[in-house]
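**Q** Structure below; questions to follow.
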Amino acid sequence: MRKLLNFNKNWIFENSEVCLPHNAIELPFNYFDEKTYQREFIYEKIIIPNSTWDNKEISVVFEAVMANTQVFLNNKKIVSHTDGYSPFIARLTDELKKGENILKVKIDGSENPSIPPFGGRIDYLTYAGIYRDVHLRITSPILIQNIKIETPNVLNEKKSVKVNVNLFNPKKITLSGLLIAKLKDTEGKILSTSKFKITRDEICFEIDKLENIKLWDIDNPVLYTLDIRVETPYGIDNLSERFGFRSAEFTKEGFFLNGNPLKIRGLNRHQSFPYVGYALGKSAQYKDAEILKYDLRVNLVRTSHYPQSKHFLNRCDEIGLLVFEEIAGWQHIGDKEWQNKSIENVQNMIERDWNHPSIILWGVRINESPDNHEFYLRTNQMAHRLDGTRQTGGVRKFIEGEFIEDVFTMNDFILGEEELNGNRGRIPLRSQRECTGLSYDVPYMVTEFNGHMFPTKSIDNELRQNEHVLRHLQVLNAAYGDSKNAGAIGWCAFDYNTHKDFGSGDRICYHGVMDMFREPKFASYVYSSQDHAKNGIVLEPVTVWARGERNIQGVLPLIILTNCDYVEFQFNDSEERFSIYPDFKNFSNLPHPPIIVDTEHFPGNVFGTWGTDWPNVTISGFINRKLAISRRFIADPVPTNLEIIPDLEEVSIGADVRVIIRALDQVGNKMRYLNETITVNLSGPSIIFGPNSIPLRAGSAGFWIRSLGIGKIKISIISNLFAQKEVSIIVK
Ligand code: GAL
């Protein structure tokens, strides 16, 4: 049977022992020189084979290494792999000697122009390191290379599964034996068992007439498992793949999931984190998917601009978050050799990820690159040859680009690019025909908007936050209002570190609706408030509630992002209530238009004037006339409580856990302008990524820790303003 051993521990890197995932150079939060990691690095690990490895296939599986990797065993080169986002295998069989062997991994973090995405300028960083998991794989000499599972005619009553199993037979042994396929439901109950004789290295079969199969859906993401067992005279190999039954189709009339229309409301995600770059493992990847699904409450994420961790994708499968996955690149297309590598990247991406039900579209263009007929014919052909079940998209930003893909995927930054709009005033999105240049409709989706058109920091003032919110609302409203548009994916979910040529001069693009620690900015509630209240009530007034924060004074007009039917205002302890309803006039297409509060909603001057008392307020949200939620804002907030929230309180070894600290006032609101420094004291088997003395930014701070051994991790937070706070994480 196959053994896949965790190989993340005990690597030697620059004279110290490190564990993976690993970032070669820890960067400061901002204002750094990204050239520091653009050089060679070496990782080494000792391997001592034991007798159970005899007559087996032994390989090291690298989930991803950035970049241009060469792997040596006892100084003999075993494999090289240039792409920093795809997995590869170093086959050690026949090369291992008895006793100590030295595995050496040489990487080159420089932006080598012959490798995608490099050669031009890119608006993100490609942090050097062995930044994803590594496994040692021990199998029989004939093993399963990959399994492709398709579910044709999924909307029929009786369902079927089409399977391709490819074997890897490096020693070219004459093939014989049996392949046994077991289909299991979510509970592990076997639904069918099939057996096939092995005569070739590709075995294709179909399991049909399956009854009572549940579809995979965003609200009910039911997963099935196919266990494949290969029995040959030389041993047994086994591999399991999860998949789902679902159909996903972009049409001229929008997007359909399982035959039902679904408007896509998405965000783009970079896979980077402060200090540690790409190098956070499973639990942090899981958490990001959960933040997108449960906090931001979008229904799709675009993995801009490269294939992301399989942990992230696994979690998207489990929780029902759709994915648009794309190949690595940014605006630049290199020479023929570079293009060949990019076509290989299409293959690597699809062969790694074709069984994820969450993935509904392959991005096979270099993000925002110019047209290139021959190259993009080839990327599309490759995608279609490998996967006949999914459509392709090709993200562009200029209009009238050549439409080779199945879905016209357009970054529409018109809201902000006034010079392009020909004095038409403020327009949130262009019509698809204006963007495609075609005289007929095609499957169409907006894949980016806002971003660099209106960068907004968490710490920015209330007026700017309002405008940020408004822009996201207006684009979503336009997308919801156009039945021919499959939907819109905002730029972007999280702020990210970037090259000097982008961002705010401090190596950060503040384009997220959340900051780099995934703390929400006001605009994040634009997305969550569009979701049904049964999944969680949202009521977020876009204000710090102060007399003198805005120009002139006061908080009006005040946008309230909510999925309640209406709100009531109550000032101080007055009996008087003011009911205010959503703005159905300006945001008629949104599932939940915002409530925009202005002077017309209040008789007289309930707020008083400059020099008079500023009131407390309670804003209550009602659903079906019942009180659903209340938010209080206090006129004289003082620092009252320091909240520490770890994402997980019980973990296993090697878990990367985010911890969020928030400074709160008497009624639990974040104190956005409190710039206190806090010190993190960590005890127990763990490390912190980044410094342990950090400022609150917009009232919060965040960091990630990694559990290194069994025991109790104690995190205490020390500051001048608040009493010491502590929290524990148990490592089991
Ligand atoms: C787009 C690009 C993104 C990001 C964004 C900022 O043009 O595709 O990667 O740079 O602009 O708004």
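Here's the yes/no breakdown for (1) within 16 Å of the ligand (Cβ to nearest atom); (2) of a type outside the set (Ser, Thr, Tyr); (3) over 30 Å from GLU241 (Cα atoms); (4) within 22 Å of the chain's Cα centre (by Cα):
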position: ASP335; (1), (2), (3), (4): no, yes, yes, no
position: ASN345; (1), (2), (3), (4): no, yes, no, yes
position: TYR376; (1), (2), (3), (4): no, no, yes, no
position: GLN391; (1), (2), (3), (4): no, yes, no, yes
position: MET410; (1), (2), (3), (4): yes, yes, yes, yes
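**Q** When the residues of the stretch 393-427 are narrowed to those that are in contact with a strand residue (DSSP E or B) (Cβ under 9 Å, 6 or more places away or on another chain) and β-branched (Val, Ile, Thr), which ends up surrounded by the most Cβ atoms within 10 Å (Cβ to Cβ)?
**A** That would be VAL395.
**Q** What number of residues within the stretch 39-89 satisfy the criterion of being buried (at least 20 other Cβ atoms within 10 Å of the Cβ), small (Gly, Ala, Ser) and not in a strand (DSSP E or B)?
**A** 4
**Q** Same structure again: What residue, among those in the stretch 428-452 that are among the small types (Gly, Ala, Ser) and more than 15 Å from the ligand (Cβ to nearest atom), is surrounded by the most Cβ atoms within 10 Å (Cβ to Cβ)?
**A** Restricting attention to the stretch 428-452, the residues satisfying the condition of being among the small types (Gly, Ala, Ser) are 431, 437, 439, 451.
Then keep just the ones that are more than 15 Å from the ligand (Cβ to nearest atom); that gives 431, 437, 439.
Values: SER431: 14, GLY437: 12, SER439: 6.
Checking each candidate, the answer is SER431.
**Q** Please determine whether any residue of the stretch 126-142 is surrounded by 14 or more Cβ atoms within 10 Å (Cβ to Cβ) and within 16 Å of the ligand (Cβ to nearest atom).
**A** Here is the first cut: in the stretch 126-142, the residues surrounded by 14 or more Cβ atoms within 10 Å (Cβ to Cβ) are 126-142.
Now narrow it down to the ones that are within 16 Å of the ligand (Cβ to nearest atom): 126.
Yes; the residues of the stretch 126-142 include at least one that is surrounded by 14 or more Cβ atoms within 10 Å (Cβ to Cβ) and within 16 Å of the ligand (Cβ to nearest atom).
**Q** If I go through the stretch 554-576 residue by residue, how many of them are farther than 20 Å from PRO591 by Cα and touching a helix residue (DSSP H, G or I) at 6+ places or on another chain (Cβ under 7 Å)?
**A** 1
**Q** Same structure again: Please state which of the following conditions GLY425 fails to meet, knowing it meets all the rest: (1) closer than 21 Å to GLY490 by Cβ; (2) away from the ligand (no atom under 16 Å from the Cβ).
**A** With respect to (1) closer than 21 Å to GLY490 by Cβ; (2) away from the ligand (no atom under 16 Å from the Cβ), GLY425 is out only on (1).
**Q** Let me ask something else. Name every residue in the stretch 395-408 that is within 11 Å of the ligand (Cβ to nearest atom) and not in a loop (DSSP other than H, G, I, E, B), in order of residue number. Quick ask: steps written out before the conclusion?
**A** Of the stretch 395-408, the ones within 11 Å of the ligand (Cβ to nearest atom) are 395-398.
Matches in the stretch 395-408: VAL395, ARG396.
**Q** If you don't mind, another one. Just to check your reading of the model, which residue among ASN10, ASN23 is of a type in the set (S, T, N, Q) and surrounded by 13 or more Cβ atoms within 10 Å (Cβ to Cβ)?
**A** ASN23
**Q** Do you know which residues across the stretch 158-199 are touching a residue at least 40 places away in the same chain (Cβ under 8 Å), more than 33 Å from the chain's Cα centre (by Cα) and under 14 Å from ASN212 (Cβ atoms)?
**A** Result: LYS158, single match.
**Q** Determine which single condition SER160 fails, assuming it passes every other condition in (1) away from the ligand (no atom under 16 Å from the Cβ); (2) in contact with a Gly (Cβ under 9 Å, 6 or more places away or on another chain); (3) polar (S, T, N, Q).
**A** If we test SER160 against (1) away from the ligand (no atom under 16 Å from the Cβ); (2) in contact with a Gly (Cβ under 9 Å, 6 or more places away or on another chain); (3) polar (S, T, N, Q), just (2) comes out false.
**Q** Of these, ALA248, ALA284, ALA328, which one is surrounded by fewer than 24 Cβ atoms within 10 Å (Cβ to Cβ) and within 20 Å of ASP353 (Cβ to Cβ)? Explain how you work it out, then say what you get.
**A** On the way: ALA284 fails: surrounded by fewer than 24 Cβ atoms within 10 Å (Cβ to Cβ); ALA328 fails: surrounded by fewer than 24 Cβ atoms within 10 Å (Cβ to Cβ).
After ruling out the rest, the residue left standing is ALA248.
**Q** Can you run down the residue pairs with Cβ atoms below 6 Å, 6 or more apart or on separate chains, where the first is in the stretch 508-519 and within 20 Å of TRP704 (Cα to Cα) and in contact (Cβ under 8 Å) with a residue 60 or more places away in the chain and the partner is part of a loop (DSSP other than H, G, I, E, B) and within 12 Å of the ligand (Cβ to nearest atom)?
**A** Pairs found: ILE508/ASP495; ASP515/ASP495; MET516/ASP495.
Read-outs: derived from the displayed coordinates by stated rules, not from any lab. Owing to the predicted nature of the structure, the values given are computational and were not obtained by experimental measurement. Cβ coordinates were reconstructed from backbone atoms using ideal geometry, including for glycine residues, and neighbour counts include every protein chain displayed.
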